Each structure stands twice: as C-alpha cells, then as structure tokens.
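Enquirer: One structure is given below, represented as structure tokens, and several questions about it will come after.
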Amino acid sequence: MAESSKLRVSDEERERAAQEIREHFAAGRLSQEELDERVQAAYQALYGPAPEFDRVEADLDRRRHRDESRADRREMRAERRADRRER
C-alpha cells in the first residue's frame, strides 16, 4: 500500500501512544532506554494503522497481561496463606 493511501496519524494519536508507553514505564514494564526509543518512535510515526505505528506498542499489552496475571497469582497465594492462618 502506498504511503499516500494510508491515513496519517494525528498528533492526538501520537500523544495517546506516548502516554500509554509512559504508563508502562511507570509500571516497571520498560527500561529507560525502551521508554526513550518507543516515545521517540511514537512521535515520529506518520501513518497508521501501520506497522510503523503499531510496532511501538506491539508487546506492551502482553506485558500488561503478564503483570496482571502475576498480581492475581500473588493475591491468590496471600488469600490461601490467610485462610491457613485462620484454621
């Protein structure tokens, strides 16, 4: 597909992507280097939806789900320990 036939990414979309990336950094899912690279790529993205733009956040949802799964497992273990203490 030629670039002229793709939709340009808006400033709002770039800012949204950069903010989501910053949230992942704050949650500890990204290093400072990854943060810098991804934010820069988000701001430089011209066309979307396209690999150029989507690649910036491609694996972050998997990382979020992995972290949520870990948190769920920790919560379940804590509940089991509390149940054992009550017995």
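Bear in mind that the values in this text are calculations on the coordinates, not laboratory data. For clarity, every value in this text was computed on a predicted model and none was experimentally measured. Note that each Cβ is placed from the backbone with ideal geometry, even for glycine, and that neighbours are counted across all protein chains shown.
Enquirer: So what are the ³J(HN,Hα) numbers for segment 16-30, from phi and the Karplus equation (6.51, -1.76, 1.60; θ = phi - 60°), rounded to whole Hz, Gly and Pro as x?
Expert: Karplus values, whole Hz, x for Gly and Pro: 4, 4, 4, 5, 4, 5, 4, 5, 5, 4, 4, 7, x, 8, 10.
Enquirer: Now a separate question. Test of understanding: ordering 79, 13 by Cβ neighbours within 10 Å, fewest first, what list do you get?
Expert: Values: 79 10, 13 16.
The fewest-first ordering by Cβ neighbours comes to 79, 13.
Enquirer: For an R0 of 22 angstrom, estimate the FRET efficiency from the Cβ-Cβ distance between residue 13 and residue 65 and round to the nearest 0.05. Spell out each step's value before the answer.
Expert: Working: r = 23 Å, r/R0 = 1.03.
With R0 = 22 Å, the Cβ-Cβ based efficiency is 0.45.
Enquirer: Between residue 47 and residues 5 or more places away or on another chain, which pairs have amide H atoms under 5 Å apart, with H built 1.01 Å from N, and which residues are they?
Expert: 9
Enquirer: Something else about it: At what distance in nm do the modelled label points of residue 76 and residue 34 sit from each other, each positioned 7 Å from its Cα along Cα→Cβ?
Expert: According to this spin-label approximation, the distance is 2.4 nm.
Enquirer: Another one. Tell me, 8, 16 in order of fewest to most beta-carbon neighbours within 10 Å?
Expert: Details: 8 11, 16 14.
Listing 8, 16 from fewest to most nearby Cβ atoms yields 8, 16.
Enquirer: How would 64, 74, 14 line up from fewest to most surrounding beta-carbon atoms within 10 angstrom?
Expert: Values: 64 15, 74 10, 14 20.
Result, fewest neighbours first: 74, 64, 14.
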